[in-house]
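**Student:** Dumping the structure here so I can ask a few things about it.
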Amino acid sequence: MRRRFAGVVLALFACVGASGSEPSRAQSGRHYELSVRASRINPEAGEHPKINYTFTDKNGKITDLQHAAVDTRVVSRGQLVIWLMSHNQRLFESITGYGLHAIQPHYANRWFSTVPRELHDAGNCLGDIRLEAATGDDHSKLVDIPKPDGLAARSLELVKWLVENNPEGKWEQFLTGDGDDLLWEKVILSGSSHGSTTSARLAKQRKVARVVMFCGPRDQLESWQGLPSATPANRYFGFTHVLDTGWTGDHYCRSWQMLGLSRFGSLVNVDMAKPPFGNSRRLVTNCDVKNDPRRAHGIVVRGDAWDEVWRYLYTHPVEQTGKPGAPDPDCRMDLRRQ
């Protein structure tokens, strides 16, 4: 396997790490965890079996359960993390400990496997589907996802439900005065793999506080990563393992370069560095995953290893950036099949 990042020492480390400093604590409060079905709180929510989007699976198991968390013992940072992947209990415990609110909405995101393979590689369709799934607006002819079933509307309805059902969490701070939309500049879009890719795609169109991308973004033949961005480029943060096939295949590094992340610092191996990691937006790890690419793909969002890294990704001041670094010379930008 070729060396996939220049100028960074490769070394094997166990996937463990020290915790960051203890956040400020309020005098009273508690850690709240809440869940509710999307279909329960929004009568306009619908199912879309053609794209594998339903409220229960074939065995009757509920699939539209949404999650939220806040720790009112911690001084609030006034920002809301919208997590675009399956619920991650450990991650939510950490980010609420940093003073962030967090939600995991259920929206029409199961479309990927329904797209014909030849269109996957067409270079002009996945980003449009992602944008439609996120906004509920008509961006793609391949899917029909109405607004109530998009990420934006599902997140709004969940926050409105939390205002009523968890007043201690002060969720109203994330709503516009008329309650008809989220205050998107208080939102941190975040996810892993498919979720990190959709996070970055939506942030291109809608200005948000930050984007935290684990093992992503992908869409390696698409051009949307290079589009003008409503969210400033210094607000995008990426983190992956170097044995992840999205990294060894140059998918992530391509997206990071097209997003312009090299302007804000060199590539940093977190195994060999400490916060603030040179104020970089491009973080990698080579911790020991028994040489298993599948384990490498998800390791950056699992376990107790990453508190210092997660804290940096979610809370580092976006105006503090590293010195411009050179684009990765080993990164292939044209990934079309030869």
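Condition check ((1) in contact (Cβ under 8 Å) with a residue 40 or more places away in the chain; (2) among the β-branched types (Val, Ile, Thr); (3) under 24 Å from residue 220 (Cβ atoms)) across all residues:
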site: 280; (1), (2), (3): yes, no, yes
site: 283; (1), (2), (3): yes, no, yes
site: 286; (1), (2), (3): yes, no, yes
site: 294; (1), (2), (3): no, no, yes
site: 303; (1), (2), (3): yes, no, no
site: 306; (1), (2), (3): yes, no, no
site: 329; (1), (2), (3): yes, no, yes
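**Student:** Something else now. Identify the single condition in (1) aliphatic (A, V, I, L, M); (2) out of contact with any helix residue (DSSP H, G or I) (no Cβ under 7 Å at 6 or more places or on another chain); (3) buried (at least 20 other Cβ atoms within 10 Å of the Cβ) that residue 221 does not satisfy, given that it satisfies every other one.
**Tutor:** (3)
**Student:** Turning to a different aspect of this structure: Given the criterion touching a Cys at 6+ places or on another chain (Cβ under 7 Å) and surrounded by 24 or more Cβ atoms within 10 Å (Cβ to Cβ), identify the matching residue among 192, 199.
**Tutor:** 192
**Student:** For the stretch 299-332: of the residues being within 30 Å of residue 101 (Cα to Cα) and in contact with a Cys (Cβ under 7 Å, 6 or more places away or on another chain), which is modelled with the lowest pLDDT?
**Tutor:** 303
**Student:** Given 267, 243, which one is closer than 15 Å to residue 324 by Cα and in contact (Cβ under 8 Å) with a residue 12 or more places away in the chain? Even if it seems obvious, please write down each step before you answer.
**Tutor:** Values: 243 fails: closer than 15 Å to residue 324 by Cα.
None of the other options fit; the residue is 267.
**Student:** Out of curiosity, is residue 96 closer than 16 Å to residue 154 by Cβ and of a type in the set (Ser, Thr, Tyr)?
**Tutor:** Criteria not met by residue 96.
**Student:** Identify, please: which residue in the stretch 39-77 is part of a helix (DSSP H, G or I) and without any contact (Cβ under 8 Å) to a residue 24 or more places away in the chain and is, among those, farthest from residue 133 (Cα to Cα)?
**Tutor:** 40
**Student:** Could you list all residues from the stretch 111-152 that are surrounded by 17 or more Cβ atoms within 10 Å (Cβ to Cβ) and either closer than 21 Å to residue 43 by Cβ or basic (Lys, Arg) (or both)?
**Tutor:** 130, 133, 135, 136, 145, 148, 149, 150, 151, 152, listed by residue number.
**Student:** Can you pull out every residue in the stretch 240-250 that is within 20 Å of residue 224 (Cα to Cα) and either touching a Ser or Thr at 6+ places or on another chain (Cβ under 8 Å) or among the charged types (D, E, K, R) (or both)?
**Tutor:** 246, 247, 250
**Student:** Hey, residue 329 hits all of (1) in a loop (DSSP other than H, G, I, E, B); (2) surrounded by 14 or more Cβ atoms within 10 Å (Cβ to Cβ) but one; which does it fall short on?
**Tutor:** With respect to (1) in a loop (DSSP other than H, G, I, E, B); (2) surrounded by 14 or more Cβ atoms within 10 Å (Cβ to Cβ), residue 329 is out only on (2).
**Student:** Consider residue 308 carefully, then state whether it is more than 29 Å from residue 119 (Cα to Cα), part of a helix (DSSP H, G or I) and over 16 Å from the mean Cα position of the chain (by Cα). If you could, list the steps in order and put the result at the bottom.
**Tutor:** Values: more than 29 Å from residue 119 (Cα to Cα): yes; part of a helix (DSSP H, G or I): yes; over 16 Å from the mean Cα position of the chain (by Cα): yes.
Yes.
**Student:** Further question: Is there a residue in the stretch 81-102 that is at pLDDT 95 or above, of a type in the set (Gly, Ala, Ser), part of a helix (DSSP H, G or I) and crowded, with 17+ Cβ neighbours inside 10 Å?
**Tutor:** Within the stretch 81-102 (the criterion being at pLDDT 95 or above, of a type in the set (Gly, Ala, Ser), part of a helix (DSSP H, G or I) and crowded, with 17+ Cβ neighbours inside 10 Å), the answer is yes, since at least one residue qualifies.
**Student:** Between residues in the stretch 114-135 that are on the phi > 0 side of the Ramachandran plot and residues that are surrounded by 15 or more Cβ atoms within 10 Å (Cβ to Cβ) and of a type in the set (A, V, I, L, M), which pairs lie under 8 Å by C-beta distance while being six or more apart or on different chains?
**Tutor:** Listed pairs, sorted by first residue: 123/221.
The values are calculated or read from the model by the stated rules, or taken from the named source; none is laboratory data. Note that the structure is predicted; figures quoted are calculated from it, not measured. Cβ atoms come from the backbone with ideal geometry, glycine included; neighbour counts cover every protein chain shown.
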